[in-house]
Amino acid sequence: MSTQEQSAATATSEPRSPDVVVVGAGTAGCYAAATVAREGYDVVVLERKTETEAGHIACGDALKGADAFPEAIPKSKLEPAFTNTGVDHGRFEIPQEDTVLEIPVPGELAVIDRWEYGRRIIEGAEDTGVEFRYDTVVKNVRQADDGRVTGVDTIRKGDPVTYEADIVIDAAGSLSVLQDNVDFSDSTFDTNVNYSHFCSAYREIVRVEEPVEWDDALVFKPTERAAGYLWYFPRTDTEINAGLGFQMTEEPMKLVADLKKDLENRAEFEGAKVEDKLGAALPTRRPYDSAVHPGYMAVGDAAGHVNPTTGGGIAGAAYGGKYAADQAIEALETGDFSEATFWEYNERVMEHFGARYAALDVYNILSTAIDVDDLMGLLAAMPGDKLAEALYSGSTDIGLKLKLESLIKSRGHWGTIWNLYQTKRCADDLLAHYEQYPTSPEGLAGWQDRRDELMENVYETTGAEPKY
Ligand SMILES: Cc1cc2nc3c(=O)[nH]c(=O)nc-3n(C[C@H](O)[C@H](O)[C@H](O)COP(=O)(O)OP(=O)(O)OC[C@H]3O[C@@H](n4cnc5c(N)ncnc54)[C@H](O)[C@@H]3O)c2cc1C
């Protein structure tokens, strides 16, 4: 189909049968689509938003590790959206202890204009030949008698439109509606997902009158109630992304009111103007054990590819999109759309970041059971670089001298330290087990049994309610 014919089809809600249908024009969808299209295949991205609104996504706007992003969309395409590349550390405000911790953040870090970034990745995918269809809400998933996914049913401006495809890539974000509609009974696809694995979050873009002093830092602060935090991320020294979130296991917070209250108490926000408001859910859990099913793969938030302690999910979405696309290409080349062909996608996710995120989730679980004031007191006594290491690697090693210094400073929190130490051992065991992730779908059940035993230890050690 020529480009003109394609644009006509976009305008007329005409059905299409491309090689690959990608649902969602976010980071995961754009990277997946661009990767497949670069190999010359016909790819259509379906997006429920309008063309103007596409790419406008609730986010803290902190982007980590963009220097090593997949190449399907050139980095030079994204860079103009990086409004602050001078950020190099986290600033943790701990009001309970009257302390501010300055903690270095390893790797490249930028605060971005998220909508501009969203538009640019769409453009980057379009440059590779991907067709985008906006105002198109995916309602249902088509499945053959043998269970293979064969396409999706959508509604565009009131009209039903069907798309048949060899592969459907689900990049529809948190709580993807597609997964409610697929019968996964004959595949390994992980259906052990519930609302308590998500965080509810909200952010405002706020323009301040005077430049803030902390424009080189990501500012974090615990919320008054457990398992949540507030953030202030400087897009520039006068444009701040201010937001907060809480784990949905907790009593719901009044996000808008709680943010307003904190903003009112900060001198730097006096006279500030709110330019934009958005909220959404994000997965703060381990990645899906398997995100594949015949003819179908889930990527990004739709497969739990978010760091569960920081809520950072842009990088996981970009890589998840690329790895799934590589297997889609293999399937298109061989004509085999089975789980076995897609399996390497699961393996690459686990190897790159999935194992680490699963280990970090152990600390998330701990945070639902621990006294927050106690934890904050302890954090205030810990060496910053070691905290940073723990936050990003899922594990850390503290030398003897530092251990002793920390121990002396942290008198009064020794019970919590013991608890943390035991929890770290559980997280390390889990990390080691994820490094043995199976090489084929047949190995998954046995691997899950052992993993579930390790999770029993986590619940026993932390005293937390079982999460999965
Ligand atoms: C408030 C908040 C703050 C965050 N802060 C950060 C941060 O600072 N840094 C970071 O790295 N990550 C952050 N994250 C997480 C990050 O935004 C996500 O992990 C990332 O956007 C996931 O990308 P995705 O492509 O998987 O999904 P999304 O970006 O959510 O894209 C999904 C797309 O699918 C479309 N869609 C959904 N359903 C349908 C349907 N039925 N039919 C058609 N289209 C559909 C949506 O409209 C959307 O465009 C934050 C998340 C939230 C909610």
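Find out how many positive minus negative residues lie around Ile57, taking Lys and Arg as positive, Asp and Glu as negative, among other residues whose Cβ is under 14 Å from that of Ile57. All intermediate terms of the calculation are to be shown ahead of the outcome.
On the way: positive: Arg48, Lys49, Arg114, Arg119, Arg120, Arg203, Lys277; negative: Glu47, Glu53, Asp61, Asp113, Glu116, Asp276, Asp301.
Spelling it out: positives minus negatives among the neighbours equals 0.
Given points 7 Å out from each Cα along the Cα-Cβ axis, report the Tyr195 to Asp127 separation in nanometres with one decimal.
Output for this residue pair reads 4.2 nm.
Rounded to the nearest 0.05, what FRET efficiency is calculated for Ala144 and Asn457 with R0 set to 30 Å and r the Cβ-Cβ distance? Please report the intermediate quantities before stating the final value.
Values: r = 42 Å, r/R0 = 1.39.
So the FRET efficiency works out to roughly 0.10.
Pulled fully out, how much extra length does the chain show between Ala445 and Ala257, if you take 0.36 nm times their separation in residues and subtract their Cα-Cα distance?
Numbers: separation 188, 0.36 × 188 = 67.68 nm, distance 4.50 nm.
Gain on extension, Ala445 to Ala257, equals 63.2 nm.
In debye, nearest 20, what is the charge dipole magnitude of the chain about its Cα centre with +1 on Lys and Arg Cβ and -1 on Asp and Glu Cβ, if you could check? Mind showing how you got there, number by number?
Values: 43 positive and 82 negative charges, 158 e Å.
Result for the chain is approximately 760 debye, rounded to the nearest 20.
Shape of region 120-172 from its Cα gyration tensor (a ≥ b ≥ c, root eigenvalues): rounded if a/c is under 1.5, otherwise prolate when a/b > b/c, or oblate? Kindly include the intermediate steps, with their values, before the conclusion.
Numbers: a/c = 2.69, a/b = 1.44, b/c = 1.86.
Judged from the Cα gyration tensor, region 120-172 comes out oblate (a/c at least 1.5, b/c at or above a/b).
Sorted by average packing, counted as other Cβ atoms within 10 angstrom per residue and highest first, what order do 199-206, 328-335 take?
Listed from highest to lowest mean packing, they are 199-206, 328-335.
From the phi angles alone, apply the Karplus equation (6.51, -1.76, 1.60; θ = phi - 60°) to region 96-111 and give each ³J(HN,Hα) in whole Hz, x where the residue is Gly or Pro.
For region 96-111, the Karplus-derived couplings read 4, 9, 6, 10, 10, 9, 9, 10, x, 10, x, x, 6, 9, 9, 9 Hz, x marking Gly and Pro.
Let a ≥ b ≥ c be the square roots of the eigenvalues of the Cα gyration tensor of region 177-282; is it rounded (a/c under 1.5), or, if not, prolate (a/b larger than b/c) or oblate?
It is prolate, given that a/c is not under 1.5 and a/b is the larger ratio.
Roughly how tilted is helix 314-334, in degrees to the nearest 10 and between 0 and 90, from the longest Cα axis of the chain?
Helix 314-334 sits at roughly 30 degrees to that axis.
Based on the Cβ-Cβ distance of Lys75 and Thr236, what FRET efficiency does E = 1/(1 + (r/R0)^6) give at R0 = 22 Å, to the nearest 0.05?
FRET efficiency, Lys75 to Thr236: 0.60.
Round to the nearest 10 and give me the degree value, 0 to 90, for the angle of helix 444-462's Cα axis relative to the longest principal axis of the chain.
Rounded to the nearest ten degrees, it is 20.
Take the alpha carbon gyration tensor of the chain, find the square roots of its eigenvalues, order them as a ≥ b ≥ c, and report rounded if a/c is under 1.5; if not, report prolate when a/b exceeds b/c, else oblate. Present the calculation step by step, with values, prior to reporting the outcome.
Working: a/c = 2.06, a/b = 1.37, b/c = 1.51.
In terms of gyration-tensor shape, oblate.
If I take every Cα pair under 8 Å that is 6 or more residues apart in the chain, average their sequence separation and divide by the length, what percent do I get for the relative contact order?
Values: 972 pairs, mean separation 79.0, N = 468.
In percent, rounded to a whole number, it is 17.
What figure, in Å² to the nearest 10, do you get for the accessible area of Asp166 with a 1.4 Å probe and non-protein molecules left out?
50 Å²
Note the angle between two axes, namely the Cα long axis of helix 3-12 and the longest principal axis of the Cα atoms of the chain, as a number of degrees from 0 to 90, rounded to the nearest 10.
Between helix and principal axis, roughly 80 degrees.
Please give the calculated 222 nm ellipticity per residue for the chain, where each DSSP H segment of at least 4 residues contributes -39500 (n - 2.57) and the sum is spread over every residue; nearest 500 deg cm²/dmol?
The helix contribution divided over the chain gives -11000 deg cm²/dmol.
Beta carbons within 10 angstrom, averaged per residue: use that to sort the peptides 189-196, 249-256, highest first.
Working: 189-196: 15.4, 249-256: 13.9.
In decreasing order of mean packing, 189-196, 249-256 become 189-196, 249-256.
Could you give the nm distance between label points at Asp98 and Asp67, where each point is 7 Å from its Cα heading toward the beta carbon?
4.0 nm
Mind checking which of Ala34, Ile205, Gly311 is farthest towards the positive end of the chain's charge dipole, using Cβ charges of +1 (Lys, Arg) and -1 (Asp, Glu) about the Cα centre?
Highest projection toward the positive end goes to Ile205.
The values are calculated or read from the model by the stated rules, or taken from the named source; none is laboratory data. Keep in mind that this is a model prediction, so the values were computed, not measured. Heads up, the Cβs are rebuilt from the backbone with ideal geometry, glycines too, and the neighbour counts pull from every protein chain shown. Protein only, heavy atoms only, side chains kept; ligands, DNA and RNA dropped before computing areas. Shrake-Rupley method; radii C 1.70, N 1.55, O 1.52, S 1.80 Å.
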